[in-house]
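The values are calculated or read from the model by the stated rules, or taken from the named source; none is laboratory data. Note that the structure is a prediction, hence the values are computed from the model and not measured. Methodologically, a virtual Cβ is constructed for each residue, glycine included, from the backbone with ideal geometry; neighbour enumeration extends over all protein chains shown.
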Amino acid sequence: MAAPGPKKSGSTKDLRTISAEFMAAVGGPGEFPSGPAEIAIVGRSNVGKSSLVNALANRHSLARTSKTPGRTQAIILFDLALSSGDKIRLCDLPGFGHAKVAKTMRESFSPMIQKFLEESKELRGVILLQDCRRDVDEDAIGFAEWLREIGRPVLIVATKMDELPKTKRGGVIARLQRDFDLEHPPIATSVRESLGISELLHHMRRLARQPKD
Ligand SMILES: Nc1nc2c(ncn2[C@@H]2O[C@H](COP(=O)(O)OP(=O)(O)OP(=O)(O)O)[C@@H](O)[C@H]2O)c(=O)[nH]1
Ligand SMILES: [Mg+2]
């Protein structure tokens, strides 16, 4: 009898990353090596993106070590293998919010990033990070709306939840849900408390399994 393969339907609680590999830093969709379904991750500088990438990858310093100086506009690709057997390519987009001239979040992205978000054939969704202690700005709301308009599912993820007392967390999540006009509450995460990581992986897996359009 063949040995049992990886479990195909792990519960939200159990889902984890069993291996993660830095694949490449690329300049645009044309340079992507072929690979599994893509999920992009994006957020303002200091929102906790690298920390969350590491938590999703189940590694201490994957995101930081692959930071390529001078390639700040690169898309960093990490291929994850989940305990469910699914494979997901996490596409770490350059942080936005640095460009002082950009009037909107979208304008602060290079044309290359816009092109990737609009045209990538393998992209199944975008994770947009929001620091739970900060007010949501119009740019973030506009960016999420634009993603929906171009047919990209968006997962809003609140970071650094451990910074809030437990009694305040529900209210903050409800506010973010209202601000982003979401059907479901955003995903509450903290790398310090390992909060929401499995839940986020579960949502990523769900999106990655969506058929290509
Ligand atoms: N309390 C708390 N701090 C966090 C959490 N995640 C990240 N941080 C802190 O937030 C700061 C920024 O974290 P990074 O993961 O480097 O954020 P980033 O968005 O990648 O930042 P840049 O790449 O520099 O734009 C660091 O001091 C982290 O320790 C969290 O879940 N809880
Ligand atoms: Mg970072």
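Miscellaneous remarks
- The residue pairs whose first member lies in the range 137-153 and is under 25 Å from residue 122 (Cβ atoms), whose second member is among the small types (Gly, Ala, Ser) and at pLDDT 95 or above, and whose beta carbons are closer than 6 Å, counting only pairs six or more residues apart or on different chains, are 153/125.
Residue-by-condition table, conditions (1) over 15 Å from residue 52 (Cα atoms); (2) among the small types (Gly, Ala, Ser):
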{"site": "114", "(1), (2)": "yes, no"}
{"site": "126", "(1), (2)": "no, no"}
{"site": "137", "(1), (2)": "yes, no"}
{"site": "146", "(1), (2)": "yes, no"}
{"site": "149", "(1), (2)": "yes, no"}
{"site": "170", "(1), (2)": "yes, yes"}
{"site": "185", "(1), (2)": "yes, no"}
{"site": "189", "(1), (2)": "no, no"}
{"site": "192", "(1), (2)": "no, no"}
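- No other residue among 124, 209, 169, 133 is more than 23 Å from residue 20 (Cα to Cα) and either touching a residue at least 40 places away in the same chain (Cβ under 8 Å) or surrounded by 15 or more Cβ atoms within 10 Å (Cβ to Cβ) (or both) apart from 169.
- Residue match in the range 52-64 (condition: within 13 Å of ligand 2 (Cβ to nearest atom), surrounded by 14 or more Cβ atoms within 10 Å (Cβ to Cβ), at pLDDT below 90 and of a type outside the set (Lys, Arg)): yes
- Selected residue (only one of 88, 113 is at pLDDT 90 or above and more than 12 Å from ligand 1 (Cβ to nearest atom)): 88
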